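Please read the structure below before turning to the comments.
The values are calculated or read from the model by the stated rules, or taken from the named source; none is laboratory data. This structure is a prediction, so every number in the text was calculated from the model and none was measured. Positions of Cβ are backbone-derived with ideal geometry, glycine not excepted, and every protein chain shown enters the neighbour counts. In case anyone asks, the SASA skips ligands and DNA or RNA and just uses the protein heavy atoms, side chains included. Shrake-Rupley method; radii C 1.70, N 1.55, O 1.52, S 1.80 Å.
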Amino acid sequence: MAAAIVPLSDLLSLVSDPCRVDPRGSYPNLGIYSFARGVFGKPPIDGAQTSATTLYRVRSGQFIYSRLFAFEGAYAIVPEEMDGVFVSNEYPTFDVDQDHLLPRYLYWLFQRRDVWRQVAVGAKGMGDRRQRVHPDKVLSCRIDLPSLGDQRRIVEKLDRVAALVDDRRNAIEAAERETQALLLKAFQRAIDGAPLRPMAEVAPLVRREVEIEATREYTEIGVRSFYNGIFHRRTMLGSEFSWQSLFWVKEGDLVFSNLMAWERAIAVAEAHDEGTVGNHRMLTCEVNPKLATPGFLMAYFRTYEGFSSIVGHSPGTIARNKTLSSKKLPTILVPTPPLETQKWFDRLRAKAQEARTIRANTAQDVDALIPAMLHEIFDGRAKAA
């Protein structure tokens, strides 16, 4: 078959290998990652527990997708290690005419967001999160079909670069793990034998109440979970805040979200946060510069021991009731080695952050490489045609 633009219906055949569920059986199962990241093994389906009466066996080399998540790239080729596993009828499966189309070429083609969009146009439910894509939409998708030799060369090129990208990404992740381990070791060295003092002494809770002016604008903050910093939620006129109390935030404050501290919503206010405001849920602690640095205290609350002290002072058994007590926060004990030791650790942490930033930029460049190649290869072929 010469290079041409052809519908996938010329190259794929919708197949079904049904298996009646035996209550005594156990059925290996797979799922499909969104954004074309392949398949993953799911816990086996227990025949006695599932409500399904029929499951469908898939084979390696088949093209498969999720009806529900096709709009965000849940397409894959079944790998050899998943040969013979089972899926529900939410996962349409196709045999590939390998005399004309390499499964791996199809895999790379469906790495592209514009292909997902092309397939999803007109799918039922478009516009919400339950937009199932019918197999007919997939089969009607038209693709550029070069010769098998050209397909093979394209696949080899992309696979070779993908392997290099994976190696680089793994090296970046390994370097990050090593950095974190070294920082933790340095921190433990810094606090070894250090006296423990209560937060009331080291970083007391302060409430700098705002006298709200109706015509003045105020920027309100929140704290992201998992130590992901402070964010500016909204900027509004004082008249829109008149129903609640607000408190000034200063650079260097250690800020806890009392509702989400159990989920690591803890941060240090930076220079650009100076002059923002927090509501009563934001617990701002002003660090005593004679006893501690904000960065060092933050480092402590990122450790297992430090975070455990937060959880231990957050009564409640479920998320919405697990609130960090403003009365208990000041009683938390924190290590206070000499200031010079804390500043030494802060400098070490700053150098680690510089390295992390460089690695993050490198990771972005690495992640952008494959999409750029896909654009060059497939769009270049389309223009040439």
Inside region 214-239, the number of residues satisfying the requirement of being in contact with a strand residue (DSSP E or B) (Cβ under 9 Å, 6 or more places away or on another chain) and open to solvent by 90 Å² or more (accessible area, probe 1.4 Å) is 6
Can you tell which of HIS280, HIS375 is surrounded by fewer than 15 Cβ atoms within 10 Å (Cβ to Cβ) and not in a helix (DSSP H, G or I)? HIS280
Out of curiosity, is ARG132 basic (Lys, Arg), within 25 Å of ARG57 (Cα to Cα), in a loop (DSSP other than H, G, I, E, B) and in contact (Cβ under 8 Å) with a residue 24 or more places away in the chain? yes
All but one of (1) at pLDDT below 95; (2) of a type in the set (Val, Ile, Thr); (3) touching a Lys or Arg at 6+ places or on another chain (Cβ under 8 Å) hold for VAL155, so report the exception by its number. (1)
Hits in region 238-264 - residues which are closer than 19 Å to GLU217 by Cα and among the hydrophobic types (A, V, I, L, M, F, W, C): PHE241, TRP243, LEU246, PHE247, TRP248, VAL249
Residue by residue through region 1-12, note down the ones that are loosely packed, with under 15 Cβ neighbours inside 10 Å and modelled with pLDDT of 95 or more. PRO7
Here are some residues: GLU217, GLU251. Which one is among the acidic types (Asp, Glu) and within 27 Å of ALA352 (Cα to Cα)? GLU251
Output the qualifying pairs, or none if there are none: Cβ atoms under 9 angstrom, residues six or more apart or on different chains, first residue in region 185-207 and over 15 Å from GLY306 (Cα atoms), second residue in a helix (DSSP H, G or I) and hydrophobic (A, V, I, L, M, F, W, C). ALA186/TRP344; ALA186/PHE345; ALA186/LEU348; ARG189/PHE345; ALA200/LEU329; LEU205/MET199; LEU205/LEU329
Go through the residues of region 28-38 one by one and say whether even a single one is of a type outside the set (Phe, Trp, Tyr), open to solvent by 50 Å² or more (accessible area, probe 1.4 Å) and within 24 Å of ARG153 (Cα to Cα). yes
Scan (1) out of contact with any Pro (no Cβ under 9 Å at 6 or more places or on another chain); (2) assigned to a loop (DSSP other than H, G, I, E, B); (3) open to solvent by 50 Å² or more (accessible area, probe 1.4 Å); (4) at pLDDT 95 or above for the single condition GLY193 breaks and write down its number. (1)
